[in-house]
1. Which helices (runs of 4 or more DSSP H) does the stretch 439-503 wholly contain that include 1 or more residues that are modelled with pLDDT of 85 or more?
2. Given the conditions (1) farther than 29 Å from Arg134 by Cα; (2) at pLDDT below 85; (3) over 17 Å from the mean Cα position of the chain (by Cα), and given that Val376 satisfies all but one, which numbered condition is not satisfied?
3. Any residue in the stretch 150-166 that's open to solvent by less than 40 Å² (accessible area, probe 1.4 Å): show its pairings with residues that are part of a helix (DSSP H, G or I) and modelled with pLDDT under 90 at Cβ separation under 7 Å, as long as the two are six or more apart or on different chains.
4. Which helices (runs of 4 or more DSSP H) sit wholly inside the stretch 123-210 and have at least 2 residues that are modelled with pLDDT of 85 or more, of a type in the set (Val, Ile, Thr) and under 30 Å from Leu272 (Cβ atoms)?
5. Filter the stretch 106-146 for residues that are open to solvent by 60 Å² or more (accessible area, probe 1.4 Å) and either within 12 Å of Thr188 (Cα to Cα) or among the polar types (S, T, N, Q) (or both) and give the result.
6. Counting only residues that are open to solvent by less than 70 Å² (accessible area, probe 1.4 Å) and either charged (D, E, K, R) or modelled with pLDDT under 85 (or both), how many does the stretch 419-434 have?
7. When the residues of the stretch 170-194 are filtered to those that are among the small types (Gly, Ala, Ser) and over 16 Å from Leu153 (Cβ atoms), which remaining residue is least open to solvent (accessible area, probe 1.4 Å)?
8. Give just the number: which of (1) surrounded by fewer than 19 Cβ atoms within 10 Å (Cβ to Cβ); (2) part of a helix (DSSP H, G or I) does Thr367 not satisfy?
Amino acid sequence: MPALSRDGIGLVAANAVALMAGAGASLAYARWLEPASFAHWAMALAAGRCALLLLDGGLKTVLVRQPQDPDTQTWRTLERGCAAAALGLTVVLAAALAGLAAAGVIATTAAALLVIYPAAYLLSYPALLPALARLERSGRFGALGRVEGITALVELVLPALLMACGLAWWLSFCVAAVLARSWRTWQTRAVERAIGPLPAQAQAQAQAPVAVPSAGEARRLLRAGLAQQAVFALAMLRDLTHVWLLGPWFGKAWVGQYALAHSASALVCQPLVLGATRMLLPELRTLAPAQRRQRVMQQISGLCMASLPPMLLLPLALASADAWLGAGKWADARALLPWLGLRLVGGVVATVLGTWLCVQAAPWAATRAHARWTLVEIVGALAGLALGGPPGLAMASAVSVWFAAWDFCGVLAAPGQRLGLLREAAACALGRPSLLVAGAGLWLLQRWPQPWPWLPLLPLLAWLAEARVRQALRRLALRLVAGRAGPPLAATLPGQGAHRSAR
């Protein structure tokens, strides 16, 4: 499992904390606040994240995958341009909401929340961008994970404490957002200053010819960032397909059922997949093109080994939870989980191949590939809904994600080798002994009178079926018995040792 290095654990834990804090906060505030107040907070949170996506423009990803660091003048140009754009977006947003409040369309307190909350995201980001990109380039994901996990907790939990102390609901959210975003920027810059120049970077910069500072490099990075921003926007559109298609056709109840199944499957795999692929991007940048394919296959293998056994058991776990807590209300969501699990397999393959595509292909080639995926996803979703209703949507998504993997392989592979690359990726994803053990265990547990006490043990048994996991545990046990320090556990797991030797 490639995300078990110390930095990987920190980043995956931060992703899990953010995901669980978001889900918990949504449930809690939905019960504590009036429906209109909760809707305004949800709109403010979405507006902040969308505005950040618009402001970033894919710049961070482009800076992380660059072969060399930009010169000092380019960094300053990008930071100043980002600050000007942040200020301009904030002014436009404030003017628009002030007009709506003056016309009586929206309450003054709601307008203030919808201005201050996104502004906290926008105005704190220009100073964060250079430090964030440099830390990701240097692989300092453990420090980033700690900062981002604490930021998520402050932003989502602090409002409840402030409201309990008597502060107005809208002001509680504003104070928490400003504090959380300011603290993230300050702490990230402090970590970036503390590490100093890395030896490899300092040597490369010393040997590189002195570049003449100009705005040309900044414009080139902005153009590449625009292509990456389009990729992010298309991914967001695909992720929200169930909201904007199910709602008008089948109503809010089915949106809730689908969202529950989608969130449950995301909780199982998303923290690990997001953390591992985020670490993979700067790693692929340092590898030769001939080594990238092997590293990508190792990543697919490790992620599926870690994610698929828990995902396979998720329907049974949700059924037990539904019997205790939901009184059978989640039956429709449970029926969607097998199809979402199939999508997960293709999603892991497509996500890792997409990271490779981001490094190896031209920027707009990756954007066009994601646009084709989105088009196929929407057409498939419409056909699935027309033929099978909401379950048809889940079935269509499980099929369309494999089109994305097939299309990405066509961009990445040499002519005539697309099918071979796709076959190799599918074998890495599905040819896992852990998947076979988890499937056999699920078949037995479905016939067991009380299956839920055994559910936590089955993924552990499935992972022990993997030879690499057993070898890693054996080496760890030998080190503990010998009482001496040895190489980190991550060096014995899929891909980590290969990457270290390559470097």
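1. On the way: elements: 457-464, 467-482, 496-502.
Here the list reads 457-464, 467-482.
2. Unmet condition: (2).
3. Here the result reads Ala152/Val17; Ala152/Ala18; Ala152/Ala21; Leu156/Ala21; Leu156/Gly22; Leu156/Ala25; Ala160/Ala28, each pair linking the stretch 150-166 to a residue that is part of a helix (DSSP H, G or I) and modelled with pLDDT under 90.
4. Values: elements: 141-164, 169-195, 199-207.
Qualifying helices (runs of 4 or more DSSP H): 141-164, 169-195.
5. Thr108, Arg140, Arg146 - these are the residues of the stretch 106-146 that are open to solvent by 60 Å² or more (accessible area, probe 1.4 Å) and either within 12 Å of Thr188 (Cα to Cα) or among the polar types (S, T, N, Q) (or both).
6. At the first step, the residues of the stretch 419-434 found to be open to solvent by less than 70 Å² (accessible area, probe 1.4 Å) are 420-422, 424-429, 431-434.
Next, from what is left, pick out any that are either charged (D, E, K, R) or modelled with pLDDT under 85 (or both): 424, 432.
Within the stretch 419-434, residues that are open to solvent by less than 70 Å² (accessible area, probe 1.4 Å) and either charged (D, E, K, R) or modelled with pLDDT under 85 (or both) number 2.
7. Narrowing the stretch 170-194 to residues among the small types (Gly, Ala, Ser): 172, 176-177, 180, 182, 190, 194.
Filter once more, keeping what is over 16 Å from Leu153 (Cβ atoms): 190, 194.
Values: Ala190: 31, Ala194: 86 Å².
Among them, the one singled out is Ala190.
8. Every condition holds for Thr367 apart from (1).
The values are calculated or read from the model by the stated rules, or taken from the named source; none is laboratory data. A quick note: this is a predicted structure, and the numbers were derived from the prediction, not measured. Cβ: placed from backbone, ideal geometry, glycine included. Neighbour counts: every protein chain shown. These area figures cover heavy atoms from the full protein model, side chains too; ligands, DNA and RNA do not enter into them. Shrake-Rupley method; radii C 1.70, N 1.55, O 1.52, S 1.80 Å.
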